[in-house]
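A short reminder: the numbers here are calculations on the coordinates, not readings from a lab. Only a predicted model underlies this, so the values are computations on that prediction, with no experimental measurement involved. Note that we place each Cβ from the backbone using ideal geometry, even for glycine, and neighbour counts take in every protein chain shown.
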């Protein structure tokens, strides 16, 4: 133990800076915990409006995660396994929303899919579908920012995998689709699980794109992050408790991922 | 009724152009150094690498022929493959691995498992059906890979370096088992290897592939007795020189001359000489040997019971002597020495 620790010891200046960084991330949460009115927690969480927001958050984030899984895995496979011109441009396009301010994503969605948007006008005219300010818009906004997390996680795993396993499956009589389903996907399962959990956590915490594209309507589009922001104006204690709830969920996700799945992603393909 | 291969293809720096035929029940080993294109040849047969030109056919049915656009994808070829590191699917049990091909072909789950179980029994692994590949030894995992390839009832079985993934201690046993299991397969068998021992043990015929070209093919005994390239000569441990033959003499490009007892038609020819037939002397020897020449000792390789002395000069050659004889002569690298070979110890054959 001590020998291993000794081998990895950092030089003092680097160690000092690292400790400052840890403090930088930890202190805000300590501040939050210190101010949290624990006694009110149950009262806040049992308010009908909060219950409603919670239910909406869970339902929308699960939908967003499901859609991310449905479209994200094939997209990851395309990016990892198919050589085509402009692949890096496509990858950048599909993961842009990870680094974009979510509000910008929401604005873009609004002008594309809004009632008078480039594509939204046809949705309205042909199908009578009006996305903005609906629960569906929340799902769209969440999917928009969450799917890249799944795509990048799965793409990385597929890239590391030994493609000769697909060859072996093909020589045994498997079509490309059967080989993908029975060989590639099971081997990538740890990465898919990690991607799903990351995407779900991101969807659950989505704020900027949601409020821009879906608005803030109780029962329809007001998710927990939106409620938190709103509560900050009227009752800071409520905001504290809701924040804490989101932090707890994210923290559990990250700790769980690190121990159980992120390790699996790094394991050599086929052995995992 | 055979596997017919006549292909040309370019892959990176490799230019492969090879033709060979494997008869039913026959095992042909493609022997060659690393990078010669052996694995690419196998991949072409399996349909994992399309050919640029030429034709691959099994029992007259064309699998690949760019001239008329024929290409049968790997999943529809009657070809079973045993890959170099076996490539068992880690997420499945041994039984599921063997059943995979049948399931992919639409065989019902229970029936597929039954047939797969039978194959595992045949390779002596019936009791390992539930094991994951990670729990199997190298030899066991190879047998599962073999059962998996045979379970789809192929006409052609190809094996890529079947013994390379095993440690040296396990190899003889696995080689013997493999030989036994391969004998029960009556289709065409094609194996690639860089290890001549595997070829000796398993193959009826060998094809030597060097830098994408077939340099020699034939029965094992013929190939090993009459090497036609330095690669083969080295593999079988013979000295090989090439020159023009005329009147019991082989004249080398270097100007050196080898006198032989046998004669072949005038023209280009090879001479093969066993290292044990080459004698070394400190001083110019007198005697019956017709070939006597002086050379420089380039290298000495000592083994327990023999010493291999590499000679440089107009007639480069390896001589094998006893360590005692070497000690008596006190030869060291860089020394000048005399070498001699009797004309009757030289095998000469047309190039």
Condition check for residue B:174: surrounded by 16 or more Cβ atoms within 10 Å (Cβ to Cβ) and over 13 Å from the mean Cα position of the chain (by Cα): yes
Unmet requirement for residue A:183, which otherwise passes all of (1) in contact (Cβ under 8 Å) with a residue 60 or more places away in the chain; (2) at the interface with chain B (Cβ under 10 Å from one of its Cβ atoms): (1)
Tally, over the stretch B:66-77, of residues that are surrounded by fewer than 24 Cβ atoms within 10 Å (Cβ to Cβ), under 14 Å from residue B:155 (Cα atoms) and more than 7 Å from chain A (Cβ to nearest Cβ): 1
Checklist (1) more than 13 Å from chain A (Cβ to nearest Cβ); (2) under 23 Å from residue B:210 (Cβ atoms) applied to residue B:60, failing item: (2)
Every residue from the stretch B:235-250 that is surrounded by fewer than 20 Cβ atoms within 10 Å (Cβ to Cβ) and farther than 20 Å from residue B:264 by Cα: B:236, B:237
Per-region count, the stretch B:203-234, residues part of a helix (DSSP H, G or I) and buried (at least 21 other Cβ atoms within 10 Å of the Cβ): 2
Whichever residue in the stretch B:78-112 is in contact (Cβ under 8 Å) with a residue 60 or more places away in the chain and closer than 12 Å to residue A:173 by Cα and, among such residues, is farthest from the other protein chains (Cβ to nearest Cβ): B:78
Residues of the stretch B:246-294 classified as closer than 17 Å to residue B:338 by Cβ and either out of contact with any strand residue (DSSP E or B) (no Cβ under 8 Å at 6 or more places or on another chain) or assigned to a loop (DSSP other than H, G, I, E, B) (or both), total: 11
